[in-house]
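For reference, the structure discussed in these notes is given below.
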């Protein structure tokens, strides 16, 4: 706990913060001076009594260092309820002090331990006394120990051990001149207070103030010179900081704004994570008035003691010594300013601050305390100490100390808004006040209000004061505390003898009300000025916190009764003038009244075009006639909007009744079953020259429906279809209209949006056609035509009229003209049609339905385009037995759409005979080279020269954007006669047939005749002979053999001899032959070598010694350009000039 003592001198102080944090000074609001309101008891004693004080719970400790025998000093314990309820009984503490020992110069109490410093004992070496409750007997405060330092600094003239003391639990901190000691209870033995640590002065006047709370100790060094002479600093030490039982330094604190002579650290106090430091010479409201700083543990970082606030009172004056004493407990900080002169020079004062008062982490002032008996030189506030809601303040100049009970009542005045009040009203609220006690139950015994305004006493019947548990006044259930007769304006209303208790922590609501007299004058006002703290009297000692503003101004005004005479729901025909929509009565009771403005709000489904204008009429009776006064006229507004009639100046006499009528002129085109009505008015919709209170109910006007014919709208389905290019009048959508029997209609417009992937260039236009039946006929009349629009845009068929007699029906087709050059696969459809987009004159009631998804999707179709060319076929010699020899090539380039080739007729010519040709084929190829992967699409038998060669009974699809080659080929017979030839005449375009027939065919280039293909006289171009067999090479690259075949040298897959030529199996593309005794080899066009027959010496080159009766490839040999064979070996020449050989190597 914190202890403070009076000093005969003061020094500047300055604060150094390990982590520098700049916090602006917090100005404390001016608060009333509370004299005895928080003072529970005044205690007195000997000389200098009160220079040091300390409190812990219900125990207070007060020192009087100049009291006692020979001015040895004295100290006293005071205990609440000792000697009687609420009595503070006194116990004197004894010491060994001789003359002027200054026993009681510093004190501190914590629980059952009281500590008293005697800093002048032993020629100013000093000592400290520890006392314990129940030590030596029940309720006795006996001495437990007398402590002197183990190692005083004898070089210091006045060591003054005990100059400052603070005890918390089992930890005692003692200040001396330049050093601080830490002692522990039971350290070194039971009830022994042994020295744990000595902290040597790191700066001047170190130890002038100390405070300990738990594991944290704060030490002031008001003479530190870091920011100038005697600017001051504070040190923070922690238990076990740097080692077990070590009290190591955590931080050195020096604020940025301290200056020389501030004496920062002159007083210190710590409670949990909050430290408060006084700088009694610091600059507050004025220079040298004093200031106080608040620091928080972990504020700005772990283990950082950061500045939370700087506290200065608004009313500080020079040499008030604000901050000469400080104490903090939880959220309450008490600061002494013993130099305050409010009750005379150095009479003193104390300030109380609260955490979070006025904002988060703000330490706001809640009280300034000056005792009623304060006087010059008393120095009230020279020492302070607070514990919970109890504080002790020393006034050594008056040899006294004061015990404070820091209970409070928070007050607030929820706003009573400015308003109006009518005569003959009871319990009209004028003021609302909330009371919230803290730390005590609070009993309100008297409450005073001050009236204000222009009212007269006769305007008021009574004033009442009510109590409610909640924020709503209910006069039927809430408590009426008191009632007083009317008083005039600027008078006091005092409610006394109340005795209303509000529990600690609760909230009570006070309401001040007035009964307004029946004859109260119009325009006069009444309101309550904001009460002050002195206007509230409680049984308990409490401080009053909060601000009470003025109550709302209440204006007495006249009563005007309004009533709506509701018109019934009904029908109104087009072209009707002044049709009533609303009827309102106005009845002034207390004064003549002038209507200046009225606002109506329209509603319904009507369109602006349905209304020509609105009119407001005034009538002296309830019937609207042509002779009544037209007050104003307005143009039509859309439904849901206001009709504001202003500048009216229509007077209604007191006691009379005026009738207002709102009418509308209905346009000739109104209809569609649409409606109009007026919403119910509110009092704010009417303005009067006079101040009036409007009473009554204004309901909704009757709903008026426009009379009209009826048309039933439906859709006649048109299925989705292919829309061919160049199609005219392609049907997209059909609407059926069936007109009711009441009257005929004229269709004047139709709007519909398009959908799909089409582009404007796909369409040449849209048309609206009329038909008497559901079948679209080219002869049906076209009502309107519009140019193409982009997808998603509206087609607006306007500028036409088509009459539909009553009881008739008709079909309306929306058609499209398709362009000759459409993009194939594009889609076109119509979106859903809104009934509002089908226009009639007059507008009918529309019933029925149309598909929510709109019309069916129509796909645009572009005819295929085929461009034809015939790549050249060179003249050539084709050997007998050649298969698939190309005779003619046709190149087809397809665009616009896919197409199917279904037939081709060619004209063959030449000297050939049909027997020369084994068969004719038609291939489709991606290029002009015919190979085995090409697609055979048709076959034909050989025909005579000059006859048509027809490929038919097939269908081959060619996709859009694709190009293919058609290759007509022939299989040349083995027996084709030498020097016969064949060629294909130039293609005629009509000899190509496609599906669809509409495909457009054109020449891309000039078509040509195919080259002459001649059959040679002999089909053979090379031969080789072995020992008993022969092999021959034909022009078509095939090999034939005959003779001995015991070793498979014929290559036909058998080992049987043959006297006729047989083809060697699977061997084509051969350029050269060679034969050994009993084997054969061949060179292919691709540079590979193949062999078959005898292989006992490896002459086949396949890596084995096995005979082969059909060709195998010589392993690993490529790029060969020539071959030869010996009896049992083979030789190859490669294109790089190297020679390779294999087989027998005997020689």
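The values are calculated or read from the model by the stated rules, or taken from the named source; none is laboratory data. The shown structure was predicted, so the numbers you read here are calculated from the model rather than taken from an experiment. In this analysis, Cβ positions are derived from the backbone assuming ideal geometry, glycine residues included, and neighbour counts consider all displayed protein chains.
Listing for the model above:
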{"quantity": "Residue in the stretch 814-823 that is on the phi < 0 side of the Ramachandran plot, assigned to a strand (DSSP E or B), over 58 Å from the mean Cα position of the chain (by Cα) and surrounded by fewer than 18 Cβ atoms within 10 Å (Cβ to Cβ) present", "calculated": "no"}
{"quantity": "Residue list for the stretch 357-416, restricted to those being in contact with a helix residue (DSSP H, G or I) (Cβ under 9 Å, 6 or more places away or on another chain) and under 30 Å from residue 307 (Cβ atoms)", "calculated": "379, 380, 382, 383"}
{"quantity": "The stretch 741-754, subset buried (at least 18 other Cβ atoms within 10 Å of the Cβ) and either more than 47 Å from the chain's Cα centre (by Cα) or modelled with pLDDT under 95 (or both), residue farthest from residue 817 (Cα to Cα)", "calculated": "745"}
{"quantity": "Test: residue 911 is closer than 27 Å to residue 1038 by Cα and assigned to a loop (DSSP other than H, G, I, E, B)", "calculated": "yes"}
{"quantity": "Exclusive hit being under 48 Å from the mean Cα position of the chain (by Cα), in the same structural domain as residue 354 (by TED's automatic domain parsing) and in a loop (DSSP other than H, G, I, E, B), set 245, 256, 204", "calculated": "256"}
{"quantity": "Qualifying residue in the stretch 565-572 (condition: assigned by TED's automatic domain parsing to the domain that holds residue 661, part of a loop (DSSP other than H, G, I, E, B) and surrounded by 15 or more Cβ atoms within 10 Å (Cβ to Cβ))", "calculated": "yes"}
{"quantity": "Options 265, 238; residue that is surrounded by fewer than 19 Cβ atoms within 10 Å (Cβ to Cβ) and at pLDDT 90 or above", "calculated": "238"}
{"quantity": "Qualifying positions in the stretch 214-237 - touching a residue at least 60 places away in the same chain (Cβ under 8 Å) and either assigned to a strand (DSSP E or B) or under 18 Å from residue 184 (Cβ atoms) (or both)", "calculated": "216, 220, 226, 228, 232, 233, 234, 236"}
{"quantity": "Candidates 918, 927 - the one that is outside the structural domain of residue 764 (by TED's automatic domain parsing) and either assigned to a loop (DSSP other than H, G, I, E, B) or in contact with a helix residue (DSSP H, G or I) (Cβ under 8 Å, 6 or more places away or on another chain) (or both)", "calculated": "927"}
{"quantity": "Filter pass, residue 483 being touching a residue at least 12 places away in the same chain (Cβ under 8 Å) and surrounded by 13 or more Cβ atoms within 10 Å (Cβ to Cβ)", "calculated": "yes"}
{"quantity": "Selection count where residues are without any contact (Cβ under 8 Å) to a residue 60 or more places away in the chain and either surrounded by 13 or more Cβ atoms within 10 Å (Cβ to Cβ) or under 60 Å from the mean Cα position of the chain (by Cα) (or both), scope the stretch 134-159", "calculated": "14"}
{"quantity": "Filter pass, residue 622 being more than 49 Å from the chain's Cα centre (by Cα), in contact (Cβ under 8 Å) with a residue 40 or more places away in the chain and either over 15 Å from residue 635 (Cα atoms) or buried (at least 18 other Cβ atoms within 10 Å of the Cβ) (or both)", "calculated": "yes"}
{"quantity": "Residue in the stretch 1129-1136 that is in contact (Cβ under 8 Å) with a residue 60 or more places away in the chain and under 21 Å from residue 1025 (Cβ atoms) present", "calculated": "no"}
{"quantity": "The stretch 674-702, subset modelled with pLDDT of 90 or more and over 43 Å from the mean Cα position of the chain (by Cα), residue surrounded by the fewest Cβ atoms within 10 Å (Cβ to Cβ)", "calculated": "687"}
{"quantity": "Which numbered condition residue 461 fails, given (1) closer than 16 Å to residue 517 by Cα; (2) crowded, with 19+ Cβ neighbours inside 10 Å; (3) out of contact with any helix residue (DSSP H, G or I) (no Cβ under 6 Å at 6 or more places or on another chain)", "calculated": "(2)"}
{"quantity": "Every residue from the stretch 724-767 that is assigned to a loop (DSSP other than H, G, I, E, B) and within 22 Å of residue 862 (Cβ to Cβ)", "calculated": "725, 726, 727, 728, 729, 756, 757, 758, 759"}
{"quantity": "Test: residue in the stretch 329-349 that is part of a strand (DSSP E or B), surrounded by fewer than 23 Cβ atoms within 10 Å (Cβ to Cβ) and on the phi > 0 side of the Ramachandran plot", "calculated": "yes"}
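Results for (1) crowded, with 19+ Cβ neighbours inside 10 Å; (2) under 30 Å from residue 716 (Cβ atoms), shown as yes or no for each residue.
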| position | (1), (2) |
| --- | --- |
| 841 | no, yes |
| 844 | yes, yes |
| 851 | no, yes |
| 855 | yes, yes |
| 860 | yes, yes |
| 865 | no, no |
| 868 | no, no |
| 872 | no, no |
| 880 | yes, no |
